[in-house]
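A.B. asks: One structure is given below, represented as structure tokens, and several questions about it will come after.
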Amino acid sequence: MIPGYSDHAANERTFLAWVRTGIAMIAFGFVIEKFNLFLLAIANEALSTHAAQLVKLPGRAGRYDGLALIFGGIGLVVLSTVRFVRTTRLLDDAAAHEASSVRTELFLCAFLVLVVASYGIYLAFG
């Protein structure tokens, strides 16, 4: 039996949850990017008066929100991998260690909330 197996299993579950969240952020960023391309294609084909409104919708904010989510998801996967390896090494060490702060996780959650909220506001008032 592996010493401290339950701690290692909890560390792995946490790592996998962060990776899932990162993949979901990346996928949502791609959805936003494809949605903007879809709106531009419709605006190019539309001959009505609504074409001008459709052209304005997929502007800079929509493009940057999608890219921010994609790069934020990639960063989340990288940071979760670094944290997983560091925690695994600390669990294998016989010495006692203090718990690390959760500032990184709070920052990433706040980033995600700001990007999604800004995209929602952009769609509501765009």
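Rule-based calculations on the coordinates, nothing more; no lab input. Note that this is a predicted model, so its numbers are computed, not measured. Cβ coordinates were reconstructed from backbone atoms using ideal geometry, including for glycine residues, and neighbour counts include every protein chain displayed.
A.B. asks: Quick check of the Kirkwood formula: for region 70-109, what is the inverse mean of 1/r over all pairs of different Cα atoms, in Å?
C.D. replies: 11.4 Å
A.B. asks: OK, next. Can you work out the PRE-style zone for ALA110? Point 7 Å along Cα to Cβ, and I want the residues of region 1-27 with backbone N under 11 Å.
C.D. replies: Residues passing the 11 Å test: none.
A.B. asks: Would you mind checking region 86-117 for residues with the amide N under 12 Å from a putative spin-label position 7 Å along Cα→C-beta of ASP7?
C.D. replies: 87-99
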